[in-house]
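Worksheet for the structure shown next.
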Amino acid sequence: MTAPETDRRQLANAIRALSMDAVQRANSGHPGMPMGMADIAEVLFNDYMKHNPANPDWFDRDRFVVSNGHGSMLLYSVLHLTGYALPMEELENFRQLDSKTAGHPERHETPGVETTTGPLGQGLANAVGMALAEKLLAARFNGDSEDERVVDHWTWVFTGDGCLMEGISHEACALAGTWGLGKLVAFYDDNGISIDGEVTGWFTDDTPARFEAYGWQVVRDVDGHDPAAIRKAIEEARGDLERPTLICCRTTIGFGAPNKQGTADTHGAPLGDEEIAAARTELGWDHDPFEIPDAIRAGWDARERGAQAEREWNERLQRWREANPDRAAEFDRRLGRRLPDTFASEAQRILGEMQADDSKVATRKASGMCLEKFGPLVPELIGGSADLTGSNNTNWSGSVDIMESPADGNYIYYGVREFGMTAIASGLDLHGGFVPYTGTFLVFSDYARNAVRMSALIPTGAVHVYTHDSIGLGEDGPTHQPVEHVASLRMIPNLEVWRPADKTETAAAWISAIERRDGPTALVLTRQGVPHQPRTAEQVAAIQRGGYVLVEPDGDPAAIVIATGSEVGIAVDAARELAEDGIAVRVVSMPNPERFLAQDAAYRDEVLPPEVEARVTVEAGVTSYWRAFAGPRGRVVGIDTFGASAPAPQLFERFGLTADRVAGEVRELVAG
């Protein structure tokens, strides 16, 4: 314990004062949650958290996630007080341009922030992924003795009513219970208030019973303002390593604000100067705004014990390395987020093998073939599917269910939980030690969309495998036929979207996705078989540029056809038909338009010469995205309606996605 019991309230009051002062100065923010959960944070950080403020990236630190991210000033206050590189000036500039104290916590912007939170429930789901990563890495690398425990940390989460109302909390927490994540502890801020007021009118769930049904240990009715009760609850949580724990903390939102505490008035607005003055009196906090007395700072300062904890771990790690050199090399590589030294050369060999195989297969099957080849090369590759394993082809011969063998596990059966799956994958990546991938039908990316967006914003290097990418899935009909989804995914900044045409482009996309650690990748794959395309070595290398010339006619092209995915074969057939009529057509395969647009102007103009204005684009989806590529004189072949239920070939005929249609559009352009 860092201070006598009578002083602990003042340590917590430092959070309250900083939070209400920062929100007041910004005239924007949420003081209620930080003031309500301050006592919990004080006990957690001063008695239990293992972390080193001087090294926020120390691997064996405990992870702390504020899922109710609107209460960001609690996190910023704690980081500042414990000694992170977050000076008082940053708290004074809360929510201001270019400060490190954004309205909601942002990973990579603020030292000590583990994940970007704000959309409620996703931080909790990220934390499930982090706790899963800890469990699997511990099983893989730890030895039997205490001195061989090189992976040994906890994941702590603050969560509120809003997080638990969001459906993602059900998806992620049900899995956490199933997986037995005993070192995951969530503190439920049970204050009974949300933005609209008292939640009894719309949130009457028996939350403790719900979590018990998931397989969690639940510690009920904890006084969230009593340090002794909080400590007792944490000890109960730490005593059960077989189940995650939910600690239900009864708190008062805006604790200490005498006229507004316990009401929605403290949730999302400044308290006002008069109420802040009253709160200072109520709390016995006789200090100016942003002033922290030396004794309070000393009570919070975690730098010395954090440095000592890291030193002890480094010493233990060094002894373990000497006793386990092979495992240590793998451990260090994975924690350093470095791919195996042989990956680059082997990836190129695999790419060549794919190009040499001229069989016709669906790109979802080609993706499975890639996993067969890349899986043995990248042991940190871990993935799964939302109950569509056989359809998504997300497993391979070396897949091991994490429930069967945590030490060797690399496959996750997520069940029908697209949203939770995607956010958990982000948590796996954020923790370190894994390259995660997910799988579902493209049409169900809508269920996961906000987590996909967050994976791009955080960012994480997760790989999202989406199959059954168009009307080509056939008889399931328009409910399962995505027409707008590829275009909508391309609109997400920092998400790379690949729609490969065949095995070779699929392999190139997988290589890119595995190598990309600064943002997520979506692989959009067909259900139906697609023809193999002949390529030179130079063309194979050009795939990584996002768009390239696949078919070059004899002589200067009179027109250009641009296509992706399954429509590349249609474009090639159209060009062949037009060549018989004496019309020279270039075919450009564009598996990743965003990457193509990121190339230098000289390359873009080489592939799409500005003087060739007769252009036709073809993709089995909405047309608006492609109009910029087609240009003012071009044509766009696509689908701007929902599909229909029928065999795929009939649907392509019905909606005009045929070589004859494309050839006809080119003829009209060339003639006109």
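The values are calculated or read from the model by the stated rules, or taken from the named source; none is laboratory data. Treat the numbers as computed from the prediction; the structure is a model and nothing was measured. Neighbour counts are summed over all protein chains in view; Cβ atoms, including those assigned to glycine, are modelled from backbone coordinates with ideal geometry. These accessible areas exclude ligands, DNA and RNA; they are computed on the full protein's heavy atoms, side chains included. Shrake-Rupley method; radii C 1.70, N 1.55, O 1.52, S 1.80 Å.
Considering the conditions (1) farther than 23 Å from Pro478 by Cα; (2) open to solvent by 70 Å² or more (accessible area, probe 1.4 Å), Arg615 is excluded by exactly one of them, (2). Go through (1) over 24 Å from Arg338 (Cβ atoms); (2) in a loop (DSSP other than H, G, I, E, B) for Met421 and report which single condition fails. Only one criterion is unmet by Met421, namely (2). When each of Phe374, Phe434, Phe444, Phe419 is tested for being open to solvent by less than 20 Å² (accessible area, probe 1.4 Å), more than 22 Å from Met354 (Cβ to Cβ) and not acidic (Asp, Glu), the lone residue that passes is Phe434.
Selection of helices (runs of 4 or more DSSP H) fully inside region 492-602 by the criterion of at least 1 residues being in contact with a Ser or Thr (Cβ under 9 Å, 6 or more places away or on another chain) and open to solvent by 10 Å² or more (accessible area, probe 1.4 Å) returns 537-542, 567-580, 593-597. Would you confirm whether any residue within region 428-439 is touching a residue at least 60 places away in the same chain (Cβ under 8 Å), part of a strand (DSSP E or B) and either over 25 Å from Asn592 (Cα atoms) or β-branched (Val, Ile, Thr) (or both)? The answer is yes, given that some residue of region 428-439 is touching a residue at least 60 places away in the same chain (Cβ under 8 Å), part of a strand (DSSP E or B) and either over 25 Å from Asn592 (Cα atoms) or β-branched (Val, Ile, Thr) (or both). Only a single item in (1) more than 27 Å from Leu428 (Cα to Cα); (2) surrounded by fewer than 19 Cβ atoms within 10 Å (Cβ to Cβ) is not met by Tyr48, and it is number (1).
Residues in region 369-378 that are out of contact with any helix residue (DSSP H, G or I) (no Cβ under 7 Å at 6 or more places or on another chain) and either part of a loop (DSSP other than H, G, I, E, B) or at positive phi (or both): 2 in all. Are any residues in region 215-271 of a type in the set (A, V, I, L, M) and assigned to a loop (DSSP other than H, G, I, E, B), and if so, which ones? Matches in region 215-271: Leu241, Ile253, Ala257, Ala269, Leu271.
Screening region 12-45 for residues that are among the polar types (S, T, N, Q) and part of a loop (DSSP other than H, G, I, E, B) and picking the one that is most open to solvent (accessible area, probe 1.4 Å) gives Asn27. Residue count for region 51-88 satisfying the condition of being among the small types (Gly, Ala, Ser), over 28 Å from Gly162 (Cβ atoms) and open to solvent by less than 20 Å² (accessible area, probe 1.4 Å): 0. Thr204 fulfils the conditions (1) among the β-branched types (Val, Ile, Thr); (2) open to solvent by less than 10 Å² (accessible area, probe 1.4 Å); (3) without any contact (Cβ under 8 Å) to a residue 12 or more places away in the chain except for a single criterion, (2). Out of contact with any helix residue (DSSP H, G or I) (no Cβ under 8 Å at 6 or more places or on another chain), at pLDDT 95 or above and not in a helix (DSSP H, G or I): does that describe Leu97? Yes, satisfied.
Taking the residues in region 372-430 that are of a type in the set (Phe, Trp, Tyr) and within 23 Å of Ala507 (Cα to Cα) as candidates, determine which candidate is nearest to the chain's Cα centre (by Cα).
If we take residues in region 372-430 being of a type in the set (Phe, Trp, Tyr) and within 23 Å of Ala507 (Cα to Cα), then Tyr411 is nearest to the chain's Cα centre (by Cα).
Here is the figure for region 383-414: residues that are open to solvent by 20 Å² or more (accessible area, probe 1.4 Å), within 19 Å of Ser445 (Cβ to Cβ) and part of a loop (DSSP other than H, G, I, E, B) total 3. In region 283-307, the residue that is farthest from the chain's Cα centre (by Cα) out of those that are in a helix (DSSP H, G or I), farther than 25 Å from Arg95 by Cβ and not hydrophobic (A, V, I, L, M, F, W, C) is Asp294.
Looking at Ile195, is it touching a residue at least 12 places away in the same chain (Cβ under 8 Å), open to solvent by 10 Å² or more (accessible area, probe 1.4 Å) and out of contact with any Cys (no Cβ under 9 Å at 6 or more places or on another chain)?
So Ile195 fits the description; yes.
Quick one: in region 603-612, which of the residues that are in a loop (DSSP other than H, G, I, E, B) and not acidic (Asp, Glu) is most open to solvent (accessible area, probe 1.4 Å)? Across region 603-612, the extreme among qualifying residues is Pro610. When Thr117 is tested against (1) of a type in the set (S, T, N, Q); (2) open to solvent by less than 30 Å² (accessible area, probe 1.4 Å); (3) under 19 Å from Pro289 (Cα atoms), only condition (3) is not met. Mind checking which residues of region 100-129 are of a type in the set (A, V, I, L, M, F, W, C), touching a residue at least 40 places away in the same chain (Cβ under 8 Å) and in a loop (DSSP other than H, G, I, E, B)? Passing the criteria: only Leu120. Regarding region 645-658, can at least one residue be identified that is more than 19 Å from Ala362 (Cβ to Cβ) and free of Cβ contacts under 8 Å to residues at least 12 places away in the same chain? Yes.
Table: residues versus (1) modelled with pLDDT under 95; (2) farther than 16 Å from Gly268 by Cα.
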site	(1), (2)
Pro4	yes, yes
Leu11	no, yes
Arg16	no, no
Gln24	no, no
Ser28	no, no
